[in-house]
Every structure is written in structure tokens, then in C-alpha cells.
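Let me begin by presenting the structure, written as C-alpha cells, before commenting on it.
Computed from the coordinates by the stated procedures, all read-outs in this text should not be read as laboratory data. Small disclaimer: the values here were computed from a predicted structure and weren't measured. Quick reminder, even Gly has a Cβ in these numbers, built from the backbone with ideal geometry, and neighbours come from all protein chains shown.
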Amino acid sequence: MHSHSVYHRIACEYPFTNDKKATDLWELGLLVNSNPALPLDYTSRCINEVIGISEDDSLEAATQAYRHGVALLEECPLDIAVSLKVELGRRGILCEIVPVDEQAKNGKMTSYYALEDTAGKWDLGLLQDGRNRREYTARCLCQVIQGLSESDAYEAIGQADNCGVTLIGEFHSELAEHYAAELSKLDIAVCACG
């Protein structure tokens, strides 16, 4: 059984837990700021080791967080969620815990505590470009945009060539601006808008 001091610490850190039972499920979310200091592969490996989800699922969650700033890692009881958050924190990985709202999950109401991206989302678009070779453009996209696969880069280039512009992805405004600035330095035609 857990000591009173552990629950006191949890209640202080998460004051809205008073009406939640220790057996209720909580969401553990991965948070990544607009300028990630840790490499994607390191983050993915740590998630795999600490949480025990598959390498593919770890990479998918890390990629989603790197692209969008947040990703759901696991639903589990509060004591386990806190333990996982602490262990990931020791490895330099920022996580947050919020209670699962079953009514919101079932579509009955909007969750007040749902783990979601609160910052503004911006679209990052690739413009048609006759100056650069496809290989160069794909290589630049993959180097700058963390988690973007080579096949996704080539698909985006093809769509931009056919339609004039294509959506690469949605990102936090700061991250979209950063990607646009870095790609522009490499002479890749992109636009970022909110």
C-alpha cells in the first residue's frame, strides 16, 4: 500500500484528484517543446524501455509528439502513471498526467482535463519548386522535420508538383515557423500559416 505522504504529494501536484479513486485511469502524455533537445530515437527508446510498449508504438508516439507537441503514451492507474512520469523525467523526458474522463471518452461531454494541445496549430506547406531536384528537397525535408519519413517527403513533393502546394503537417506555431525558416535557408519553398 502507498504511504499517506505519496498521496499527499499527488494531491498537492494534482489538486483536482480529490474526487478520483486511486484505481481510476489516468492519461500519461508525452510533451515536446518547439525546439526539442533530445533526439527522436532516444525519446522513442526510453518510452519503449520505461513503459514497455513496442518499438513501433514508441516511435509513433514520439513522432506524434515531435510533430504536434503532445502524444498520449498510456492510460493507467495514478500510482503507475506517476512512477512512469518520474522515470521518464529522470531521462530528461517531459510528461504530464491528467485523469481520463470516461464521459468525454464516450462522446457525452467535452473533457475539462483531456490531454490536448493548447497552443495554436499552424500548417506547414510545401510549394511547387522547379529549381531544386526532388532528391535534394526530400533530403532537406527529412533533415529539418523530425520524424518525417523519406516516403512522406517524396509524396509531399509529388503533390506539390501536381497541385502547386501541399500540406506537410500541422505543428505548434513556433515549430512551424522554425521549420519554415530552416527550410527557407536551404532554398526550399515552404509556407507556414495559422
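Here the simple spin-label model places points 7 Å from the Cα toward Cβ, and for S83 and Q143 these points are separated by 4.4 nm. Note on E49 and L94: their simple-model spin labels are 2.2 nm apart, each label 7 Å out from Cα toward Cβ.
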